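Undergrad: My questions all concern the structure below.
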Amino acid sequence: MSFSRRRFLLGAGGVLAAPLFPGLLRAAPAMPMADKRMAPQLAQPNQPLVNPATLARFVDALPLPPVARPIGQREHPAHPGRRLPLYRMEMRAFQARLHRDLPPTTLWGYQGSSPGPTLEARRDEPFLVEWANALPTHHLLPIDHGIHGAEKDRPDVRTVAHVHGARVGPNDDGWPEDAFAPGHSLLYRYPNAQDAATLWYHDHAMGITRLNIYAGLYGAYLLRDPEEQALALPSGDYELPLMLCDRLIARDGQLYYPVSDDPAAPWVSEAYGNATLCNGKLYPYLEVEPRRYRLRLINAANARHYELSLSSRRPFVQIGSDQGLLGTPLERMRVELYPAERADVVVDFSGLDGKTVELRQPSEPLLQFRVRSRDNKRAASVAVPAALRAVPRMEAATAVRERILTVGEMDDANGNAMMMTLGGHHWSDPITEDPVQDSVEIWSLVNLTGDAHPIHLHLVRFQILERRPYDLFAWNERKELKYTGPGQPPPPHEAGWKDTVRADADMVTRIIVRFEGEPGKYVWHCHLLEHEDNEMMRPFKLLPKA
Ligand code: C2O
Ligand code: CU
Ligand code: CU
């Protein structure tokens, strides 16, 4: 494996050079800031890419993923004695039009759909899902065989599904090394024993997660409970998941995943597209009534973050974050989402009869709402209640231990190598994070890089204590954690239950976690998928309490 090259690409948490393929993408929306020092050389795609600025806006209806239906009942062999509803999610290749004026695109999806069917769960009503791999044996996108877990002796196509944000047993969580080849399946049990929340599912195969999700393997998983139901939030036709991700598309309609200029080591440090898919369509529209809607916003992108706003200049009313309802609704003109983060929002179209409203990222229109004229037979929607759910703050004093964990260690024994890791360890190093069941810990994420990383822990929900500036020099010289200013408590929209947190550059991001769940092995990782695939993921072990 071209080790030194990879180190180079990883160093300083590099972002892709801007612009990508300048000649082809002149009118593309702003690309992330270039870090010239670390920018990898990108290979030219072997055919021109679609310039999304040339695509007609709002000619396709926004797809609403189908709701999954159980196919029967079954006993789980590890939990005999009880038959549970059984869903089947078959992963296969299929063709879909991403836009009216593009040729059909080959995608991978669950049940022939990307996003896959929405799984609707109710609190304390467990069910089973059989995740079946019926994909072709050849991968749609370029594998880097030098990456850990994607070696040449493994089947190219491997998948394992994970429900992001679900508290499940260690054998049902989508352990990355449990990924299986076409022709196989796994039966997972979901207890749904947790608060209502906007969860989502996606692939998690070791070393190729970024490619499998880019190919289309993701979907929504909405967990409901009676407490939330009692709030009379918009539901039925007035509630929808909205999954956002960015892609590069070749003129023949096929997905293009960027590669380095080294065919033996095609991995790039972050894959950004220039076209945004909303539930699998480019620039779609949705007809709405002049009333309130509930949108479950989910960032399913590999690396892109969103800063969403409405052209109506009305605020989103944010009612929930990753792990469910906030204490009170918040009016927000902009909703920021890093990869894997969710925002549960209510948008009010009343009084906008006959008008259009665009969802924007920052100024680029992504989706158009077309507000119908009022139909007086329909009841107006009720306002969002002023109190949503009690979210008691977790006190730092309840923690039994604090772990100092670096994000993006940049040195080796000789002080010159640069690797993107967590806690300075590789995936295959012995487990270092081993919390005891039901104990409370503080994880202090010391970001050594120049970029924000969305850090996700499986199994648990947590709260953000603070983000606090620190002295990087003191850390690099002496491994001394020296704070240089007061901690900043999370803003209200980040003060609810989270499962993914933005670890900002130059900051120690401190989270507090109660490790509830079944003992066993789980993972935590950066949710920039290119980082996750290349060592920025670690196992953790939940130890049984004495
Ligand atoms: Cu969104 Cu490890 O997952
Ligand atoms: Cu997860
Ligand atoms: Cu990262």
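The values are calculated or read from the model by the stated rules, or taken from the named source; none is laboratory data. Keep in mind the model is a prediction, meaning the values are calculated, not measured. No Cβ is skipped: glycine too gets one built from the backbone with ideal geometry, and neighbour counts run over all protein chains shown.
Undergrad: Looking at 485, 450, which one is in contact with a helix residue (DSSP H, G or I) (Cβ under 8 Å, 6 or more places away or on another chain) and not in a strand (DSSP E or B)?
TA: On the way: 485 fails: in contact with a helix residue (DSSP H, G or I) (Cβ under 8 Å, 6 or more places away or on another chain).
Of the residues listed, the single one that is in contact with a helix residue (DSSP H, G or I) (Cβ under 8 Å, 6 or more places away or on another chain) and not in a strand (DSSP E or B) is 450.
Undergrad: Then there is this: So which strands (runs of 3 or more DSSP E) stay within the stretch 92-186 end to end and still have 1 or more residues that are crowded, with 23+ Cβ neighbours inside 10 Å, within 16 Å of ligand 1 (Cβ to nearest atom) and of a type outside the set (A, V, I, L, M, F, W, C)?
TA: The qualifying strands (runs of 3 or more DSSP E) are 105-110, 116-122, 161-164.
Undergrad: Something else now. If I ask for residues that are within 15 Å of ligand 2 (Cβ to nearest atom) and either among the small types (Gly, Ala, Ser) or assigned to a loop (DSSP other than H, G, I, E, B) (or both), which ones from the stretch 488-514 would you list?
TA: 497, 499
Undergrad: Could you list all residues from the stretch 491-522 that are under 26 Å from residue 213 (Cα atoms) and surrounded by 22 or more Cβ atoms within 10 Å (Cβ to Cβ)?
TA: Matches in the stretch 491-522: 497, 498, 499, 500, 501, 502, 503, 522.
Undergrad: Okay, moving on. Can you work out which of the residues in the stretch 305-317 that are surrounded by fewer than 23 Cβ atoms within 10 Å (Cβ to Cβ) and of a type outside the set (S, T, N, Q) is nearest to residue 232 (Cα to Cα)?
TA: Selected residue: 317.
Undergrad: Quick one: in the stretch 236-282, of everything that is touching a strand residue (DSSP E or B) at 6+ places or on another chain (Cβ under 7 Å) and among the hydroxyl-bearing types (Ser, Thr, Tyr), which residue is modelled with the lowest pLDDT?
TA: 260
For (1) farther than 14 Å from residue 492 by Cα; (2) in contact with a Lys or Arg (Cβ under 6 Å, 6 or more places away or on another chain); (3) not in a strand (DSSP E or B), each residue gets a yes or a no:
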residue: 294; (1), (2), (3): yes, no, no
residue: 307; (1), (2), (3): yes, yes, no
residue: 312; (1), (2), (3): yes, no, yes
residue: 320; (1), (2), (3): no, no, no
residue: 328; (1), (2), (3): no, no, no
residue: 339; (1), (2), (3): yes, no, yes
residue: 347; (1), (2), (3): yes, no, no
residue: 350; (1), (2), (3): yes, yes, yes
residue: 353; (1), (2), (3): yes, yes, yes
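Undergrad: Which of the residues belonging to the stretch 512-536 are within 9 Å of ligand 3 (Cβ to nearest atom) and within 17 Å of residue 405 (Cα to Cα)?
TA: Answer for the stretch 512-536, where residues must be within 9 Å of ligand 3 (Cβ to nearest atom) and within 17 Å of residue 405 (Cα to Cα): 525, 526, 527, 531, 532, 536.
Undergrad: Quick one: in the stretch 214-230, which of the residues that are surrounded by fewer than 23 Cβ atoms within 10 Å (Cβ to Cβ) and among the aliphatic types (A, V, I, L, M) is farthest from ligand 3 (Cβ to nearest atom)?
TA: In this case the residue turns out to be 230.
Undergrad: Within the set of pairs 6+ apart or on separate chains, which have a first residue in the stretch 495-507 that is in contact (Cβ under 8 Å) with a residue 12 or more places away in the chain, a second that is within 16 Å of ligand 2 (Cβ to nearest atom) and of a type in the set (Lys, Arg), and C-beta atoms under 8 Å apart?
TA: 497/461; 498/461; 499/461
Undergrad: I'd like the full set of residues that are part of a strand (DSSP E or B) and either more than 11 Å from ligand 2 (Cβ to nearest atom) or β-branched (Val, Ile, Thr) (or both), limited to the stretch 455-467.
TA: 455, 462, 463, 464, 465, 466, 467
Undergrad: Any residue that is farther than 17 Å from residue 384 by Cα, β-branched (Val, Ile, Thr) and either in a strand (DSSP E or B) or more than 14 Å from ligand 1 (Cβ to nearest atom) (or both) - is there at least one of those in the stretch 208-219?
TA: There is no residue in the stretch 208-219 that is farther than 17 Å from residue 384 by Cα, β-branched (Val, Ile, Thr) and either in a strand (DSSP E or B) or more than 14 Å from ligand 1 (Cβ to nearest atom) (or both).
Undergrad: Looking at 255, 277, 282, can you tell me which residue is farther than 26 Å from residue 502 by Cβ and crowded, with 23+ Cβ neighbours inside 10 Å?
TA: Details: 255 fails: crowded, with 23+ Cβ neighbours inside 10 Å; 277 fails: farther than 26 Å from residue 502 by Cβ.
Residue meeting the stated conditions: 282.
Undergrad: Suppose we keep only residues that are part of a strand (DSSP E or B) and of a type in the set (S, T, N, Q) within the stretch 436-447. Which one would you say is surrounded by the fewest Cβ atoms within 10 Å (Cβ to Cβ)?
TA: Checked the stretch 436-447; the qualifying residue surrounded by the fewest Cβ atoms within 10 Å (Cβ to Cβ) is 444.
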